[in-house]
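Below is one structure, written out as structure tokens; the observations come after it.
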Amino acid sequence: MKERKISFGVRISEDLVKELDKIVDESEYLDVSRSEVVEAILLAYFKSDVDHEKRARELIIRKRKEKL
């Protein structure tokens, strides 16, 4: 049975869009969309063996201090 998907809006920087589009373009043979790439990245992140809450907090702080 297919899992139900929920749509929500996300705003990201132009630099990230360029990187995302590069992945989409390089994966043309898969006929992949931006959404599918973002979902795969999130899936890999949440399936990893890290403390997600702690890691997200660290990444947010680094981004806000422009060190990421």
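I'd like the orientation of helix 52-64 relative to the chain: the angle between its Cα long axis and the longest Cα principal axis, in ° from 0 to 90, rounded to 10. Once rounded, the angle reads 80 degrees. Applying the Karplus relation 6.51 cos²θ - 1.76 cosθ + 1.60 with θ = phi - 60° to region 4-12 yields 3J(HN,Hα) values of 5, 10, 10, 9, 8, x, 9, 9, 9 Hz, where x marks Gly and Pro. Among the chymotrypsin sites (Phe, Trp or Tyr not before Pro) in region 8-49, those located in a DSSP loop and surrounded by at most 12 other Cβ atoms within 10 Å of their own Cβ are 8. With R₀ fixed at 25 Å, the C-beta to C-beta distance from residue 64 to residue 21 puts the FRET efficiency at about 0.50. About its Cα centre, the dipole of the chain is roughly 560 debye, where the only charges are +1 on Lys and Arg Cβ and -1 on Asp and Glu Cβ. Pairs of Lys residues in the chain that lie 8 or more places apart, or on two chains, and have C-alpha atoms under 18 angstrom apart add up to 5. Net charge of the neighbourhood of residue 23, taken over other residues with C-beta under 11 Å away and scored Lys/Arg +1, Asp/Glu -1, is -3.
Here Cα Rg over 2.2 N^0.38 Å was computed from the coordinates, and among [x] 2.29; [y] 1.30; [z] 1.87 the match is [y]. When shorter helices are ignored and each DSSP H run of at least 4 residues is given -39500 (n - 2.57), the per-residue value for the chain at 222 nm works out to -19000 deg cm²/dmol. Backbone geometry of region 38-43 corresponds, through the Karplus equation with coefficients 6.51, -1.76 and 1.60 at θ = phi - 60°, to 3J(HN,Hα) couplings of 4, 4, 5, 5, 5, 4 Hz, x marking Gly and Pro. Computed over protein heavy atoms with a 1.4 Å probe, the accessible surface of the chain works out to 103 Å² per residue.
The values are calculated or read from the model by the stated rules, or taken from the named source; none is laboratory data. For clarity, every value in this text was computed on a predicted model and none was experimentally measured. Neighbour counts run over all protein chains shown; Cβ positions are idealised from the backbone, glycine included. What goes into the accessible areas is simple: the full protein's heavy atoms, side chains included, and nothing from ligands, DNA or RNA. Shrake-Rupley method; radii C 1.70, N 1.55, O 1.52, S 1.80 Å.
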